[in-house]
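The structure under discussion appears below in the form of C-alpha cells.
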Amino acid sequence: MRSFKILALTAAVLTLAAAAYPQTKDLGMGAFSNESGPILMAVDAALVNVSLKSPYVMFMLFLAARDQNASITVSRKDVLMVFKGQEYGMPTLSELRDDYRGEVRDMDFYRRLGKEGVISSWVRLYDFPDPSNFFPPLTLRSTLAIDHGYMTAFKGFMTPIYFKNPGFAKGDKLTIKVRDAKNPAITGECEVVLQ
C-alpha cells in the first residue's frame with residue numbers, strides 16, 4: 001500500500017511539473033520551438049551561438065496564434081528574456097543603434113546561417129507576410145520599426161529580437177517569453193540552450 005501511495009504521489013508531481021514547464025523541442029542548429037501554449041513560438045539562436053561575446057545578442061523570433069480564429073498582438077515591451085532567474089527587457093531601437101550599431105552585420109550573417117532547424121517546425125505551415133519588425137537594420141531598403149506584431153489565422157509574425165548580453169556562455173539556458181498586449185493571460189514561452 002505504501003509503494004502505491006509513493007507511486008501515485010510521484011505521478012502527480014510529474015504531471016504538475018510537465019504542466020509547469022514549457023514543452024520546448026530542440027530542432028537542431030540552434031533552433032527551438034514550443035507549440036504547447038496559445039502563442040506558437042520558435043526561436044532561432046544560431047547567431048547567438050556564434051557571437052556569444054557580442055554586447056547585444058540577436059535571436060530570430062517566430063510567433064503565431066494556435067487558435068486560427070484568434071487575433072493576437074504582441075507588443076515590443078511584452079517580449080522578455082529570463083536568464084538565471086532575472087527578467088530582461090529588450091533595448092529600445094535608439095539605444096541599440098547608439099550603443100551597438102551591429103544590426104546590418106547581424107542580419108547579413110544570419111541570412112548565411114542554415115535555417116533547417118526552424119523550417120522543420122510549425123513555422124513551415126504559416127505565412128510571415130509583413131516585413132516590418134522590432135529592429136529593422138538601418139539600410140536604404142529597410143522597413144520602419146514597429147512596436148506591435150500581429151498574428152491571426154495562418155499569418156504569423158517574425159522579427160529579430162535583441163537583448164543586452166548578460167554574460168552568456170556555451171551551455172547556458174534561457175527562456176524567451178511573450179504575451180498578448182490585450183489579454184496578458186495569453187502567453188507563450190520557449191526555452192533556449194546556447195551551444
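Quick one: is P91 in contact (Cβ under 8 Å) with a residue 60 or more places away in the chain and either among the polar types (S, T, N, Q) or not in a helix (DSSP H, G or I) (or both)?
yes
Which pairs turn up if I take residues in the range 51-73 that are touching a residue at least 40 places away in the same chain (Cβ under 8 Å) and farther than 18 Å from T92 by Cβ and look for partners that are in a strand (DSSP E or B) and of a type in the set (F, W, Y) with beta carbon separation below 8 Å, at least 6 apart in sequence or on another chain?
Short answer, once both residue conditions are applied: F62/F157; L63/F157; A64/F157; S71/Y150; I72/Y150; T73/Y150.
Out of the range 186-195, which residues are in a loop (DSSP other than H, G, I, E, B) and either under 16 Å from A64 (Cα atoms) or hydroxyl-bearing (S, T, Y) (or both)?
Of everything in the range 186-195, just one residue is in a loop (DSSP other than H, G, I, E, B) and either under 16 Å from A64 (Cα atoms) or hydroxyl-bearing (S, T, Y) (or both), namely I186.
Kindly establish whether F168 is assigned to a loop (DSSP other than H, G, I, E, B), touching a residue at least 12 places away in the same chain (Cβ under 8 Å) and farther than 20 Å from L27 by Cα.
Answer is yes for this residue.
Can you work out which of the residues in the range 92-124 that are among the small types (G, A, S) and surrounded by 13 or more Cβ atoms within 10 Å (Cβ to Cβ) is farthest from the chain's Cα centre (by Cα)?
In this case the residue turns out to be G102.
Here, each number is a calculation from the coordinates, and none is a lab measurement. All values reported here derive from a predicted model rather than from experimental measurement. Cβ atoms come from the backbone with ideal geometry, glycine included; neighbour counts cover every protein chain shown.
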